[in-house]
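Remarks on the structure that follows.
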Amino acid sequence: MTDRAKQKALSLYRLTQAEESLDEARYLLAGGKSLRSVINRVYYGMFYAILGLLIYEPYTSSKHSGVLSYFNKRFIGEKIFPEQMGRTIHKAFDLRQRGDYREYQEIASEQVGPLLEQGDAFVRAVRQYLEKHIFIKEG
């Protein structure tokens, strides 16, 4: 397997992880489970999609904040994706941080449904970008 084929396989794996995370979020929400857990899965859906993009970039980071900063600089700043996508991932990141690391933080149910829809749109946009600009070049 060529290096480019390995990149594509890993990128597709990350997109699968992204879509599975969003499916898990929908399942948890429909089952009346913890909104904190739903937000966690929505955030990770978008995060995995970004990791699928970064496979083709000369950048690595072990920190979520570094990944998000690079995404904003490269993909939002260069207008590859709309600014709304940058706001969406940062909102999900902030909500996940509050839910996972702060005591007695409540997430409002009104925040969850719209964020899940935005997460779906986010992952679809990343997949479409990769299919149009990266995968098509590889055959």
Exercise. By how many nm would the segment from S34 to A9 lengthen if fully extended, with 0.36 nm per residue of separation less the alpha-carbon distance?
Worked result: 5.7 nm
Seminar exercise, completed: TM-like helix rule applied to the chain (DSSP H, alpha carbon span at least 15 Å on the long axis, mean Kyte-Doolittle at least -0.5) gives 35-54, 109-129
Seminar exercise, completed: Between Y59 and R74, the two model label points (7 Å from Cα along the beta-carbon direction) sit apart by a distance in nm of 0.5 nm
Exercise. Which value at 222 nm does the chain reach when only helices count, each DSSP H run of 4 or more adding -39,500 (n - 2.57), with the total divided by all residues and rounded to the nearest 500 deg cm²/dmol?
Worked result: -23500 deg cm²/dmol
Problem set entry | trypsin sites (Lys or Arg not before Pro) lying in DSSP loop within the stretch 1-99, provided at most 14 other Cβ fall within 10 Å | K33, K63, K79
Seminar exercise, completed: Under a Gaussian network model of the chain whose springs join Cα atoms within less than 10 Å, the largest fluctuation of E110, E57, E20 belongs to E110
For this session: Match the structure shown to one of the listed values (i) 12, 40, 29, 15, 3; (ii) 12, 42, 32, 11, 2, 0; (iii) 12, 36, 29, 15, 6, 2, 0 of P(r) over Cα pairs in 10 Å bins from 0, in percent, computed from it, and give that label.
Result: (ii)
Problem set entry | Computed FRET value (nearest 0.05) for R26 with Q128, which takes r as the C-beta separation and R₀ as 25 Å | 0.75
Problem set entry | Simple spin-label estimate for D94 and S109 in nanometres, 7 Å along Cα-Cβ | 2.3 nm
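Values in this text are rule-based calculations from the coordinates and carry no lab data. Keep in mind that this is a model prediction, so the values were computed, not measured. With ideal geometry, Cβ positions are generated from the backbone for all residues, glycine too; neighbour counts draw on all protein chains shown.
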